[in-house]
Amino acid sequence: MPQGPIPVATVNTIPQGAKNKANISVATVVKAAPGSIIAISVITAGSTVGTINDTLTTAAAAASNEVGVAPNAVGVTPFYSFPCNTGIVVVPGTGQVLAVGYV
């Protein structure tokens, strides 16, 4: 019996309603509500790594609520819709410029 191609789900499918925030060079509240990180893109590499924090304000960003890092090398890091239960704050490393995809 002939079979057609088997559909394969991809893990990097962009969720419906996804948004982005570009040109982040200082600590920024990306979303002041629960959401998910899809990916972070390092546009300009810095001398230190940046962080993604599950919190509501830039002042509250700390190691205790860090959920990911932005490496100090140009490129895209997928997060596969990593959930943030409180909010999404992105803190670039020294000299970094970042873009982030989120829902």
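A short reminder: the numbers here are calculations on the coordinates, not readings from a lab. For clarity, every value in this text was computed on a predicted model and none was experimentally measured. Here the Cβ is made from the backbone with ideal geometry for all residues, glycine too, and neighbour counts use every protein chain on show.
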Tell me the label-point distance for the pair SER25, ALA73, using the 7 Å Cα-to-Cβ offset, in nm and rounded to one decimal.
2.5
Can you tell me which of 23-29, 81-87, 52-58 comes out highest on packing, and rank the rest after it, using the mean Cβ neighbours within 10 Å?
52-58, 81-87, 23-29
Where in region 56-86 does the label zone of ALA33 land, with the point 7 angstrom along Cα→C-beta and an amide N cut-off under 20 Å?
56-58, 81-86
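What is the Å³ per residue value for the convex hull set by the Cα atoms of the chain?
Numbers: hull volume 11.7 nm³, N = 103.
Once divided by residue count, the hull of the chain is 114 Å³.
May I ask you to derive the relative contact order of the chain, considering only C-alpha pairs under 8 Å and at least 6 residues apart, and to give it as an integer percent?
Working: 270 pairs, mean separation 44.4, N = 103.
It comes to 43 percent, rounded to a whole number.
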